[in-house]
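Let me begin by presenting the structure, written as structure tokens, before commenting on it.
Just so you know, all these numbers are worked out from the coordinates, no wet-lab data involved. A quick note: this is a predicted structure, and the numbers were derived from the prediction, not measured. A quick note on method: Cβ atoms are made from the backbone with ideal geometry, for glycine too, and the neighbour counts reach across all protein chains shown.
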Amino acid sequence: MPPKLFDVHTHIQFAAFNGETDAVIRRALDAGIWLISVGTDKTTSAQAIEATQKYPEGVYATVGLHPNENEKFEYEYYKGLAQDQKVVAIGECGLDYYRILNLESRILQKQVFDNQILLAHEIKKPLMIHCRNAFGDLIKILDSKFQISNSSPGIIHFFSGTKDDAKQLLDLGFSFSFGGVITFARDYDEIIRYIPLDRIILETDAPYVAPIPYRGKRNEPAYIVETAKKLAELKNVSFEEISATTTLNAKRIFAIN
Ligand SMILES: [Zn+2]
């Protein structure tokens with residue numbers, strides 16, 4: 001059955017779902033929702049792949065090192081994981097200056113990010129990017145290091161930049177995912193209206209940031225329906241159009257049949 005919606009960024013392998021990961025996946029698949037389970041370090045990247053193995057379709061993974069994780073980036077380890085057919089992107093990787101004020105840590109974040117860009121190139125898979133308070137540096141790095149190849153460059157997950165950041169990233173070929181926050185914060189309305197619908201996809205970032213009416217509860221992929229409804233409202237199109245377009249976008253970006 002073709003998916004109705006696609007949660008492109010979720011962490012169903014995290015401890016918050018302890019013992020219930022398969023039940024959560026089932027609930028999503030039964031509701032016609034496909035998902036990408038996103039790794040953030042060595043352990044959660046391996047677990048992300050593991051979570052996909054029982055499902056012939058609809059459940060995919062990414063492997064990578066989150067900028068807030070204090071782990072060394074082991075290129076060969078991640079390359080090994082990334083060969084798995086269910087791995088559809090490298091990440092989540094990127095820059096997060098929100099709490100990081102010292103220059104040394106920022107330089108380290110950039111090096112780790114560079115290595116993951118390199119890996120994405122080598123294995124020809126797109127990037128799943130996390131960026132917070134660092135769009136200037138992010139765009140500089142992507143502009144100089146990321147030559148747009150015939151494959152898709154990837155996505156900026158939970159985009160929180162400005163219209164100008166969005167424009168530059170659109171020009172580089174990137175797409176943008178939005179999650180539950182758009183159901184209760186109005187800060188993203190304008191940027192969502194600005195970005196063309198064929199460059200927008202949906203995510204939950206579960207277990208975090210559940211949409212209304214689940215706010216404050218543990219989030220899960222099945223709740224993405226609420227975010228899709230809000231996106232339809234903001235874009236002034238039908239739910240069916242949001243469903244069809246965002247699903248098609250996700251499949252195209254991550255090369256999923
Ligand atoms: Zn995440």
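Quick notes
- Relative to the current alpha-carbon distance between Asp114 and Glu190, full extension at 0.36 nm per residue lengthens the span by 24.3 nm.
- Selection from Gly136, Tyr194, Thr162 lying farthest towards where the dipole of the stretch 5-253 points positive, charges on Cβ: Tyr194
- Working ranking of peptides 58-64, 89-95 by packing, defined as the average number of other Cβ atoms within 10 Å per residue, highest first, is 89-95, 58-64.
- The chain - Rg over Rh from alpha carbon coordinates, Kirkwood radius: 0.93
- Within the stretch 71-131, the chymotrypsin sites (Phe, Trp or Tyr not before Pro) that combine a DSSP coil assignment with at most 13 other C-beta atoms in a 10 angstrom radius are Tyr98.
- When each of Lys124/Lys163; Lys4/Lys217; Lys163/Lys230 is checked by Cα-Cα distance, pairs over 22 Å: Lys124/Lys163; Lys4/Lys217
- For the stretch 155-189, applying the loop criterion from DSSP together with a ceiling of 16 other beta carbons within 10 Å to the trypsin sites (Lys or Arg not before Pro) yields Arg186.
- Label-reachable residues, the stretch 91-110, where backbone N falls under 18 Å from a point 7 Å from Lys72's Cα toward its Cβ: 105, 108-110
- Relative to the Cα centre, the charge distribution of the chain, modelled as +1 at Lys and Arg Cβ and -1 at Asp and Glu Cβ, gives a dipole magnitude of about 240 debye.
- FRET efficiency for the pair Glu240 and Asn102, taken as 1/(1 + (r/R0)^6) with r the Cβ-Cβ distance and R0 = 45 Å, rounds to 0.35.
- Partners of Lys167 within straight-line reach, counting aspartates and glutamates whose Cα lies under 19 Å from its Cα and excluding those fewer than 8 residues away in the same chain: Asp137, Asp143, Asp187, Asp189, Glu190, Asp198.
- Convex hull volume of the Cα atoms of the stretch 129-213, normalised per residue: 98 Å³.
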